[in-house]
Amino acid sequence: MTKLNTPCFVLDTARLRKNLETANRVRGEAGCKVLLATKAFAMPAAFPLMRDYLDGTTASGEHEAIMGHEEFGKEVHVYSPAYTEDEVRRLTKVAQHIYFNSAEQLARFGDIARDAGCHVGLRVNPGYSNATLGGDLYNPTAPTSRFGEVPEKLSSVDWSGVDIFHVHALCESLHEGSVGLIEYVSEHFAPYIAQVKAVNFGGGHFLNKPGYNVDKLITAIKAFRARFGVEVILEPGAGLVVNTGELHATVLALHWNAMDLAILDASASTHMPDVLEVPYRPDVIGAGQPGEHPNTYRFGGKTCMTGDIIGDYSFEKPLAPGDELIFTDQMHYAFVKTNTFNGTPLANLAIRWEDGRVEMISDFGYDEFRRRLGR
Ligand SMILES: Cc1ncc(COP(=O)(O)O)c(C=O)c1O
């Protein structure tokens with residue numbers, strides 16, 4: 001096996017393919033489109049494999065849209081809470097589906113998109129969510145949320161200029177959330193859906209999470225399509241890549257201050273920012289809860305931030321400098337959010353192909369740090 005230059009994220013393509021097969025089944029059986037939300041997972045080297053199972057990508061803005069266009073191909077959708085006119089004009093060159101966040105953005109820029117031949121979407125805040133991760137931090141419909149037009153204003157929208165009714169209201173939701181959203185939209189927004197060609201039910205469908213009943217999603221989409229005769233689109237990110245890869249790290253030093261500490265080459269604040277933001281404690285292969293095994297350590301990174309703590313873990317045997325640690329389920333919202341705070345090197349990227357070969361696809365070093373600091 002190729003020696004990993006840690007910290008390093010490793011994508012497992014066999015597991016990815018299995019997840020994509022679920023998405024493909026939804027596409028086939030429900031008769032809907034499934035897009036990859038590249039905000040969650042953007043690894044062009046894996047796109048050739050993903051392309052066969054998906055209809056395209058959805059972007060959070062211009063740069064992701066360019067990448068989707070250049071690296072994935074197929075359909076490019078884009079949504080942003082706000083665009084400038086120039087951005088919309090440039091987006092029409094790379095995306096075929098442009099979604100606006102409000103009646104106001106739609107009125108200002110909708111014609112630019114339409115005149116360029118793009119399909120136009122309007123994001124609506126449906127007032128329904130079952131997102132629980134991180135409380136209101138990840139609930140797109142939380143009070144005063146800036147995402148999507150509010151139901152009270154929909155009657156004043158010129159729906160003749162809208163092709164796609166868009167809602168994104170879920171986060172790591174099981175089928176109850178997906179089905180609940182589809183039924184809620186069906187019940188509360190029928191007059192508007194009657195005027196569009198497609199409905200995009202956003203992301204947050206945790207399709208490949210154990211416990212997600214894909215058949216219930218398929219049934220709900222089929223019922224929705226039968227009632228309205230519209231195209232249905234899903235745009236999951238996390239749900240396509242959950243449990244498809246790990247972050248490999250190395251113990252650099254052991255330390256003691258009232259408890260055993262291990263300082264790693266991977267850090268919460270630079271390599272797994274969601275550990276601090278959500279917050280959550282990532283699992284480590286072979287480790288238990290603190291106190292479960294005889295040797296408990298608190299893991300921290302090399303940055304100067306006192307709170308750069310990954311969590312507490314216990315092991316059968318004491319750790320030693322040079323030991324490798326593997327944090328599980330680190331593909332979604334992980335490597336796309338890394339940073340170089342303190343000059344910390346970015347975590348590298350690698351792919352384990354289905355024949356077992358591990359290929360490094362990056363060799364990040366000083367250049368990535370220096371480039372983002374300007375001339
Ligand atoms: C508009 C939109 N679509 C899709 C997604 C993807 O969501 P997830 O990765 O939870 O499936 C997001 C995530 O924030 C989003 O904001």
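The values are calculated or read from the model by the stated rules, or taken from the named source; none is laboratory data. Keep in mind it's a predicted model, so treat the numbers as computed, not measured. As a convention, Cβ positions derive from the backbone with ideal geometry for all residues, glycine included, and neighbour counts pool all protein chains shown. SASA here: full protein model, heavy atoms, side chains in, ligands and nucleic acids out. Shrake-Rupley method; radii C 1.70, N 1.55, O 1.52, S 1.80 Å.
Across segment 323-375, what is the total count of residues that are hydrophobic (A, V, I, L, M, F, W, C) and either without any contact (Cβ under 8 Å) to a residue 12 or more places away in the chain or in a strand (DSSP E or B) (or both)? Step through it out loud before you land on a result.
Initially, segment 323-375 is screened for residues hydrophobic (A, V, I, L, M, F, W, C), giving 325-327, 331, 334-336, 341, 346-347, 349-351, 353, 358, 360-361, 364, 369, 373.
Among the residues that remain, those that are also either without any contact (Cβ under 8 Å) to a residue 12 or more places away in the chain or in a strand (DSSP E or B) (or both) are: 325-327, 349-351, 358, 360, 373.
The number of residues fulfilling the criteria is 9.
Among helices (runs of 4 or more DSSP H) entirely within segment 149-244, having at least 1 residues that are within 16 Å of the ligand (Cβ to nearest atom) and open to solvent by 60 Å² or more (accessible area, probe 1.4 Å) singles out 175-188.
Could you run through segment 118-143 and say how many residues are over 27 Å from Val275 (Cβ atoms) and not in a strand (DSSP E or B)?
Initial filter on segment 118-143 (over 27 Å from Val275 (Cβ atoms)): 118-128.
Applying the additional criterion that residues be not in a strand (DSSP E or B) yields 118, 125-128.
Total satisfying the criteria: 5.
The set of residues in segment 92-107 being within 17 Å of Ile164 (Cα to Cα) and part of a helix (DSSP H, G or I) consists of Thr92, Ala103, Glu104, Gln105, Leu106, Ala107.
All but one of (1) aromatic (Phe, Trp, Tyr); (2) buried (at least 22 other Cβ atoms within 10 Å of the Cβ); (3) away from the ligand (no atom under 14 Å from the Cβ) hold for Tyr99, so report the exception by its number. Only one criterion is unmet by Tyr99, namely (3).
Can you confirm whether Pro282 is under 30 Å from the mean Cα position of the chain (by Cα) and at pLDDT 95 or above? Yes; evaluated as a whole, the condition is true for this residue.
For the structure I just gave you, tell me whether Ala45 is in the same structural domain as Phe206 (by TED's automatic domain parsing), surrounded by fewer than 24 Cβ atoms within 10 Å (Cβ to Cβ) and not polar (S, T, N, Q).
Taking the combined requirement at face value, the residue satisfies it.
Based on this model, can you work out whether Pro282 counts as open to solvent by less than 10 Å² (accessible area, probe 1.4 Å), within 16 Å of the ligand (Cβ to nearest atom) and either part of a loop (DSSP other than H, G, I, E, B) or among the small types (Gly, Ala, Ser) (or both)?
No: the conditions fail for Pro282.
Scanning segment 72-86 for residues being in a helix (DSSP H, G or I) and surrounded by fewer than 17 Cβ atoms within 10 Å (Cβ to Cβ) gives a total of 2.
Within segment 128-137, track down each residue that is touching a helix residue (DSSP H, G or I) at 6+ places or on another chain (Cβ under 9 Å) and surrounded by 15 or more Cβ atoms within 10 Å (Cβ to Cβ).
Of all residues in segment 128-137, those touching a helix residue (DSSP H, G or I) at 6+ places or on another chain (Cβ under 9 Å) come to 128-132, 134, 137.
Hits for segment 128-137 are Tyr128, Ser129, Asn130, Ala131, Gly134.
Does Gly291 satisfy the criteria of being under 30 Å from Arg17 (Cβ atoms) and part of a loop (DSSP other than H, G, I, E, B)? When the stated conditions are applied, Gly291 does not pass them.
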